[in-house]
Amino acid sequence: MKIAVVAPARSITPEAAARGAAFAALSFPEVELVFDPQCFADAGHFAGPDTLRAKTFLARANDPAIDAIWFARGGYGSNRILRDVMPQLNDAARAKTYLGYSDMGFLLGALYAQRIGHPCHGPMSTEATERNRAGPAWRALAWLTAKDRRALEPGLDGRPAAAFNLAILTAMLGTPWVPDLTDHVLLIEEVGESYYRIDRMMFQLAQSTQLRGIAGIRLGGVTAVPEGDGPEAFGETLEEIMTRWCGEMGVPYLGRARVGHDGDNTVVPFGIA
């Protein structure tokens, strides 16, 4: 199986690529993991200019010799290439699985909106680290290679689902790239945001006409909250925030989920797993 690693947002280091390649070679010897040179490009905040990132993603996605696309990391930037890449994806792109999260939600959501391939929210190639014992990378490759259900978020219950970083999803609202999530359970997670900003983003979700008809919401990890901007300062817990806005939205709050910017991140295929 041949899996290409690309970086539609920020670049990675050669050391991070080497860790991912070594883990794949040891644990999944059937995989040929190809890190595109674009992963190491540098153009300010981005892994190369928009044109390079778009060209690389298209080349790998449209290549019939590549079985899956494993995103290198998040950051910011994949939204800037959507208008260029989405109309140019071919039949080979439609057969692939795409795996990533965070900023990659822009691409995953757009792919799902146009029913291209098999987008999945899940760990990325840079997560084969000693700190997390490569658990996230194992789950990613176990799903990409064999659809191993041990890699899946354990609360998936047979209903269609989708998972997003909350800030990414709110940034997508009002655009044509938001998929139809009618009857889907929506899993959301967040990193580095104050509780008042989480509350504000939930307001936007609750008022959005594009999310009418979802089956419910589950909350994943909320990590790296700025010091002093948590529940004590805001006056509500995460559970209270979710319950209140889900009530206003008219959908059930279905509890917590194992998705997020941490070592517990699992795989959530868009649609029915």
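The values are calculated or read from the model by the stated rules, or taken from the named source; none is laboratory data. Remember, it's a predicted structure, so these values are computed and weren't measured experimentally. Please note: Cβ atoms are built from the backbone with ideal geometry, for glycine as well, and neighbour counts cover all protein chains shown. To get the accessible areas, we keep the full protein, side chains included, count just its heavy atoms, and leave off ligands, DNA and RNA. Shrake-Rupley method; radii C 1.70, N 1.55, O 1.52, S 1.80 Å.
Being closer than 24 Å to ASN79 by Cβ and either touching a strand residue (DSSP E or B) at 6+ places or on another chain (Cβ under 9 Å) or not hydroxyl-bearing (Ser, Thr, Tyr) (or both) is the requirement here; does PRO179 meet it? Against the criterion (closer than 24 Å to ASN79 by Cβ and either touching a strand residue (DSSP E or B) at 6+ places or on another chain (Cβ under 9 Å) or not hydroxyl-bearing (Ser, Thr, Tyr) (or both)), PRO179 qualifies. From the list LEU173, LEU211, the one residue that fits, being over 26 Å from LEU26 (Cα atoms), surrounded by fewer than 24 Cβ atoms within 10 Å (Cβ to Cβ), touching a strand residue (DSSP E or B) at 6+ places or on another chain (Cβ under 8 Å) and among the aliphatic types (A, V, I, L, M), is LEU211. Filtered by the rule that a residue be part of a loop (DSSP other than H, G, I, E, B) and over 16 Å from the mean Cα position of the chain (by Cα), the range 123-147 gives ALA128, THR129, GLU130, ARG131, ASN132, ARG133, ALA134, LYS147.
Taking the conditions (1) among the polar types (S, T, N, Q); (2) assigned to a loop (DSSP other than H, G, I, E, B); (3) more than 23 Å from MET104 (Cα to Cα) in turn, THR182 satisfies each one other than (3). For the range 1-96, the strands (runs of 3 or more DSSP E) that sit wholly inside it and include 3 or more residues that are under 19 Å from the mean Cα position of the chain (by Cα), closer than 21 Å to VAL267 by Cβ and touching a residue at least 60 places away in the same chain (Cβ under 8 Å) are 2-6, 68-71. Within the range 110-140, the set of residues being basic (Lys, Arg) and farther than 16 Å from GLU153 by Cβ comprises ARG115, ARG131, ARG133. For the range 227-239, a tally of residues being surrounded by fewer than 15 Cβ atoms within 10 Å (Cβ to Cβ) and touching a helix residue (DSSP H, G or I) at 6+ places or on another chain (Cβ under 9 Å) returns 5. When GLY247, GLY263 are checked against the criterion of being in a loop (DSSP other than H, G, I, E, B) and surrounded by fewer than 18 Cβ atoms within 10 Å (Cβ to Cβ), GLY263 stands alone in meeting it. Note on the range 99-122: residues that are assigned to a helix (DSSP H, G or I), open to solvent by less than 10 Å² (accessible area, probe 1.4 Å) and not charged (D, E, K, R) amount to 7. Of all the residues in the range 221-255, those that are in contact (Cβ under 8 Å) with a residue 40 or more places away in the chain and either touching a Leu at 6+ places or on another chain (Cβ under 6 Å) or under 16 Å from LEU169 (Cβ atoms) (or both) number 6.
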